[in-house]
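Trainee: First, the structure itself, so that you have it in front of you.
FYI, it's all coordinate maths here, none of it is from the lab. What you see is a predicted model; the values in this text were computed from it and never measured. Neighbour counts run over all protein chains shown; Cβ positions are idealised from the backbone, glycine included.
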Amino acid sequence: MPVLDSQHDALALQSRLNSFQGLVIACYCAAWCDTCAKYRPEFNALAQRWPQHVFVWIDIEENPELLGDEDVENFPTVLVQGASGNLFYGPMLPYISHLDRFISHTDDTTPVIDSGPALLHTLLVPAA
């Protein structure tokens with residue numbers, strides 16, 4: 001499954017999230033960030049390895065509403081959400097193996113954390 005871009009794939013993203021019950025893995029970045037530009041192809045490849053999950057690329061300057069009241073201080077910042085809430089939110093070193101390892105160890109016993117944005121499907125503004 002390809003990575004959904006929150007800016008260019010908003011309708012597909014909204015549709016997918018409204019009917020999805022698995023993991024949502026979002027990467028918060030910025031177009032001007034060189035680290036993000038290097039990380040994005042690896043993030044895309046990881047999405048191909050884990051087609052059962054929804055991967056989302058969010059440019060924080062184009063879609064700040066998808067952060068809620070949270071801030072991003074370092075790039076990339078990653079959000080992993082399950083049906084019951086956030087499982088991880090924070091900066092991650094730009095080594096895709098770290099995210100891959102986290103995903104592979106995530107299951108029904110992974111605790112929900114209190115930090116991070118609300119569930120992404122609740123933050124999406126319906127298209128007019």
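Trainee: Using the beta-carbon distance between Asp114 and Ala83 and R0 = 25 Å, what value does 1/(1 + (r/R0)^6) give for FRET efficiency, to the nearest 0.05? Could you put the intermediate results ahead of the total?
Mentor: Working: r = 17 Å, r/R0 = 0.67.
Approximately 0.90, to the nearest 0.05.
Trainee: If you don't mind, there's one more thing I want to ask. What are the ³J(HN,Hα) couplings of segment 14-30, residue after residue, when phi is run through the Karplus curve with 6.51, -1.76, 1.60 and θ = phi - 60°? Round to Hz, x for glycine and proline.
Mentor: The phi angles translate into 4, 4, 5, 5, 5, 10, 10, 10, x, 7, 10, 10, 10, 10, 8, 9, 9 Hz.
Trainee: Separation of segment 1-59 and segment 66-128 by C-alpha centroid, Å?
Mentor: Here the answer is 11 Å between Cα centres.
Trainee: Please list, in chain and number order, the residues 5+ apart from Asp5 or on another chain whose amide H is under 5 Å from its amide H, with Hs placed from the backbone.
Mentor: It is Trp57, by chain and number.
Trainee: Give me a comma-separated list of calculated 3J(HN,Hα) values for segment 101-113, in order, Karplus coefficients 6.51, -1.76, 1.60 applied at θ = phi - 60°, integers in Hz, x for any Gly or Pro.
Mentor: Ordered by residue, 3J(HN,Hα) equals 5, 4, 4, 5, 9, 8, 8, 5, 9, 5, x, 6, 9 Hz.
Trainee: Over the chain, what is the relative contact order in whole percent, taking alpha-carbon pairs under 8 Å and six or more residues apart?
Mentor: Details: 206 pairs, mean separation 38.1, N = 128.
Answer for the chain is 30 percent.
Trainee: List the Cys residues of the chain that have no partner Cys with a C-beta closer than 4.7 Å.
Mentor: Cys27
Trainee: Mind checking Rg over Rh on segment 4-123, alpha carbons, Kirkwood formula for Rh? Don't skip to the answer; put the middle values down first.
Mentor: On the way: Rg = 13.0 Å, Rh = 14.3 Å.
Using only Cα positions, Rg/Rh for segment 4-123 is 0.91.
Trainee: Placing +1 at every Lys and Arg Cβ and -1 at every Asp and Glu Cβ, with all other atoms neutral, what dipole size does segment 4-123 have around its Cα centre, in debye to the nearest 20? Walk me through the intermediate numbers first.
Mentor: On the way: 5 positive and 16 negative charges, 102 e Å.
The dipole of segment 4-123 has a size of about 480 debye.
Trainee: Further question on the same structure: For the chain, give me the percentage of DSSP beta bridges that are antiparallel, rounded to the nearest 5 percent.
Mentor: Here the antiparallel bridges make up roughly 60 percent for the chain.
Trainee: Would you mind calculating the gained length between Phe102 and Ala12 on full extension (0.36 nm times residue separation, minus the Cα-Cα distance), in nm to one decimal? Don't skip to the answer; put the middle values down first.
Mentor: Working: separation 90, 0.36 × 90 = 32.40 nm, distance 2.58 nm.
Fully extending the segment from Phe102 to Ala12 adds 29.8 nm.
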